[in-house]
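Down below is the structure, laid out as structure tokens.
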Amino acid sequence: MTRNTIETVMGAVVLIVAGVFLWMAHAVTNIQSSDGLILKAEFGAIGGLNIGDDVRISGIKVGKVIDTSLNPETYGATVMLSVDERISLPVDSAARIAASSLLGGNHVDILPGFEEDFLQSGAVIYDTRDPVNLTDLLGKAVFSGGGSN
């Protein structure tokens, strides 16, 4: 009888610990729904941008990447962004993919424009800038002659 009681108590402890772990994981990851302003951005390349990566304005998180796909007509990358609905972005805004840190990870920077008309949900941002490939830059620096031979 005591063995069944111990097993029951241990099972309850495991379930409580699992529940606390799931609650903490949800709180830490800052999971948001895809509600808000849904925008598309067309890039030539996305350089490792992933679903769930941040969308930032002036370094402040205002949304997230909700989908990436290949445009079969242009062979460009289409990125779907969810931006906080309280943010009004001018129609001449630009988007660029930037590195989040030297260790990796990317995010989308939105560079607000100056027009008085604003992007509506479903709009496309065509003024985009692809990520800088640090490996290519390093290769150019190392292998570009410039020597006196």
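From the list Val79, Val83, which residue is closer than 21 Å to Phe118 by Cβ, β-branched (Val, Ile, Thr) and touching a Gly at 6+ places or on another chain (Cβ under 6 Å)? Quick ask: steps written out before the conclusion?
On the way: Val79 fails: touching a Gly at 6+ places or on another chain (Cβ under 6 Å).
Result: Val83 is the single residue among Val79, Val83 that is closer than 21 Å to Phe118 by Cβ, β-branched (Val, Ile, Thr) and touching a Gly at 6+ places or on another chain (Cβ under 6 Å).
Table: residues versus (1) surrounded by 13 or more Cβ atoms within 10 Å (Cβ to Cβ); (2) more than 19 Å from the chain's Cα centre (by Cα); (3) closer than 17 Å to Lys40 by Cβ.
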{"residue": "Val91", "(1), (2), (3)": "yes, yes, yes"}
{"residue": "Ala94", "(1), (2), (3)": "yes, no, yes"}
{"residue": "Leu111", "(1), (2), (3)": "yes, no, yes"}
{"residue": "Gly122", "(1), (2), (3)": "no, no, yes"}
Practice item. Residues being part of a loop (DSSP other than H, G, I, E, B) and either on the phi > 0 side of the Ramachandran plot or surrounded by 12 or more Cβ atoms within 10 Å (Cβ to Cβ) (or both): count how many of those fall in the range 96-109. Key: 3
Point to revise | Members of the range 124-139 that are of a type in the set (D, E, K, R) and surrounded by 10 or more Cβ atoms within 10 Å (Cβ to Cβ) | key: Asp127, Arg129, Asp130
Review point. Take the residues of the range 50-81 that are of a type in the set (Gly, Ala, Ser) and in contact (Cβ under 8 Å) with a residue 12 or more places away in the chain: which is surrounded by the most Cβ atoms within 10 Å (Cβ to Cβ)?
Key: Gly63
**Study point:** In the range 85-111, the residues that are closer than 20 Å to Ala123 by Cα and in contact with a Pro (Cβ under 7 Å, 6 or more places away or on another chain)
**Key:** Leu89, Pro90, Ser93, Ile97
Study note, to complete from the structure: Over the range 44-64, the set of residues part of a strand (DSSP E or B) and either acidic (Asp, Glu) or touching a Ser or Thr at 6+ places or on another chain (Cβ under 8 Å) (or both) is Asp54, Val55, Gly63, Lys64
Exercise for review: Scan (1) surrounded by 13 or more Cβ atoms within 10 Å (Cβ to Cβ); (2) of a type in the set (A, V, I, L, M, F, W, C); (3) farther than 30 Å from Gly113 by Cβ for the single condition Ala25 breaks and write down its number.
Suggested key: (1)
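Here, each number is a calculation from the coordinates, and none is a lab measurement. Fair warning: this is a prediction, and the values are worked out from it, not measured in the lab. Quick reminder, even Gly has a Cβ in these numbers, built from the backbone with ideal geometry, and neighbours come from all protein chains shown.
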